[in-house]
Each structure stands twice: as structure tokens, then as C-alpha cells.
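Beneath this line is the structure, given in C-alpha cells, with notes to follow.
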Amino acid sequence: MATAAVDVGRGGPLTIGAVCSRLKEDFPDISISKIRYLEDQGLLAPRRTQGGYRLFTEDDVERLETILRLQRDEFLPLRVIRQELAAGAPRARERTRSGLRAPDDEVAFPDLCERAGVDAAFVRELEEYGLVEPRTADGEKRFPERDVDVVAACARLARYGVAPRNLATFRRWADNEADLIERIVAPELRSANPEKRHAGLQNLETLASLSQELSNLLFWRALRGIVPRS
């Protein structure tokens, strides 16, 4: 599909292709599909023309650069990046550890239920199918804080009749992807050489991003296959 004819200079709106070209030198892994994926995840919101073309302002480009740097340099997952952006300027200088290496904050069982807006029975069912993984400390279950988002997402799917037992498939997919990436980067991550370990972490984040991108593309392709053609 042809792109709209717009001013792609630094002072005017940019097409998605122009944004990709502009950032390619600093972020070699950038692609049009990755930018679209970040938009699908709610991290970017370029305006659209009446014909549906995306147009990016300088603020949009700066936001995208921030997202890409947080992924590449600090190994932060998109969930954390979204929180950082919502809180204002990212607090990169305040961090001493990357998102992948830093320990998860934890929440107690009642807090998890309250924050996710679900009852205890629903969380117990998710636990049964491996969708949440608490640890027990002093007789109390403690959940990684990111499980709040997991539980909330499962609850939204449950409103459409998708039961926790059906969602176990998503867990298996995630485990399979993680296992594949682990086989690739494990030698570097376990190296006694600090530089090799750091390179392994960078490769881990890059592979995770590429894996998410491919999974998303294949998922939407599969969905298109179930839409009746007129």
C-alpha cells in the first residue's frame, strides 16, 4: 500500500516509513511491524488521516525513541515501560538494575484480588492451571506484582466465556517461546565473563522483542483466516 504524500522533514508530520528510516541507524532492529505492534500495545498513538495513514509528530518520535531505549538498554518489558511513561519522564538514572534482573515486587493474596477486581476462587483456579505462580512465605501466599495484570487480563477474557482451563494454552505457548530463547542465550548468561553475560542479556531482550513481534504477526494472520470473505 502506498504511503500518503506528506512532509517527512523534521518540522512536519512523518509517515511510519519515514520514522522507521530515521531511527534505523540508532535502532537497527526497528521495523514498521514493530512500530505497529507498539501501537497495538497502547504505547504509541499517532494520529490518522481520513484514509487511515499514520502520521507521527516529533513528540511521537521522541516517545518511540524512549520506548526503544528502555527495551534495549534497560531490558524493561512493555508492561513496565507503559508504567514508566504513564508516570512521566522515565527514571532511568534512579535505577541500578535492569528490568529483567531486578526482583519483582510482591503483593499478598487479598491485595492481588482487590487490585485485579476478582474473587479469591478465580485466582485459585488460575493458580491451578499455572497462570499465576505464588510463593509461600510464613504461611502466606505472595504473588509477583506483574500477576495483577495477568489476573486482570484473564478476568476480562472470562467475561466472554473463556475459562481458566482454556487459558492454560497461553501459558504453554509462553513457556515454549521462553525455552527456545533460553537455549540460544544460556551459554552467554552462564558465562563467568561479565561482558559475555551483559551481551547475553542484550540478546535476550532483542530475541524476546522479535519473538513477541512474530507471535503477534502470526496471531493476526490466523485471525484473518477466520473472517468470512464477502
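Relative to the longest principal axis of the Cα atoms of the chain, helix 164-189 runs at roughly 70 degrees.
Couplings 3J(HN,Hα) of segment 157-163, computed from phi: 5, 4, 5, 9, x, 8, 7 Hz, in residue order, whole Hz [Karplus 6.51 cos²θ - 1.76 cosθ + 1.60, θ = phi - 60°; x for Gly and Pro].
Summarising the amide proton neighbourhood of Leu44: residues at separation of 5 or more, or on other chains, whose placed amide H is nearer than 5 Å comprise Glu39.
Return the ratio Rg/(2.2 N^0.38 Å) for the chain, where Rg is computed over Cα atoms only. Could you put the intermediate results ahead of the total?
Values: Rg = 20.1 Å, N = 230, 2.2 N^0.38 = 17.4 Å.
Dividing the Cα Rg of the chain by 2.2 N^0.38 Å gives 1.16.
Computed over all pairs of different Cα atoms, the Kirkwood value for the hydrodynamic radius of segment 11-72 is 11.7 Å. If R0 equals 45 Å, the separation of the Cβ atoms of Ala168 and Arg47 corresponds to a calculated FRET efficiency of about 0.70. Inter-label distance, Leu214 to Glu62: 3.6 nm, where each label sits 7 Å from its Cα along the C-beta direction. Using the Karplus relation 6.51 cos²θ - 1.76 cosθ + 1.60 with θ = phi - 60°, the per-residue 3J(HN,Hα) values for segment 30-40 come to 5, 8, 4, 5, 5, 4, 4, 4, 4, 5, 4 Hz, with x marking Gly and Pro. Working from label points 7 Å from Cα in the Cα-to-Cβ sense, the Ala186 to Glu145 distance is 3.1 nm.
Among Asn203, Asn193, Asn216, the largest mean-square fluctuation in a Gaussian network model of the chain, built with springs joining Cα atoms closer than 10 Å, belongs to Asn193.
Measuring between their Cα centroids, segment 184-200 and segment 17-80 lie 29 Å from each other.
Per residue, the average separation of C-alpha pairs within less than 8 Å and at least 6 apart gives the chain a relative contact order of 13 percent. Sites count as exposed loop sites when they are trypsin sites (Lys or Arg not before Pro), lie in a DSSP loop, and have at most 11 other Cβ atoms within 10 angstrom; the longest stretch of the chain without one is 11-90.
Write down the Kirkwood hydrodynamic radius of segment 103-162, to one decimal in angstroms, obtained as one divided by the mean of 1/r over all alpha carbon pairs.
Details: mean 1/r = 0.0871 Å⁻¹.
It works out to 11.5 Å.
Adding -39500 (n - 2.57) for every DSSP H run of four residues or longer, then dividing by how many residues the chain holds, sets the calculated 222 nm ellipticity at -18000 deg cm²/dmol. Can you work out the Karplus-derived ³J(HN,Hα) for every residue in segment 47-55? Use 6.51 cos²θ - 1.76 cosθ + 1.60 with θ = phi - 60°, whole Hz, and x for glycine or proline. So the J values, rounded to whole Hz, are 6, 10, 7, 4, x, x, 6, 7, 10. Taking a point 7 Å from the Cα of Asn203 along the Cα-to-Cβ direction, the residues of segment 168-194 with backbone N closer than 19 Å to it are 177-194.
Around Tyr129, under 9 Å between beta carbons, what's the net of Lys plus Arg minus Asp minus Glu among the other residues? If you can, show how the numbers build up before the last one.
Working: positive: Arg165, Arg171; negative: Glu125, Glu127, Glu128.
Residues close to Tyr129 contribute a combined charge of -1.
If you bin all the Cα-Cα distances of segment 168-230 at 10 Å, starting from zero, the percentages per bin are 20, 37, 24, 12, 5, 1.
Bear in mind that the values in this text are calculations on the coordinates, not laboratory data. Here the structure is a predicted model, which is why all the values come from computation and not from measurement. Every residue, glycine as well, gets a Cβ built from its backbone with ideal geometry; the counts of neighbours run over all protein chains shown.
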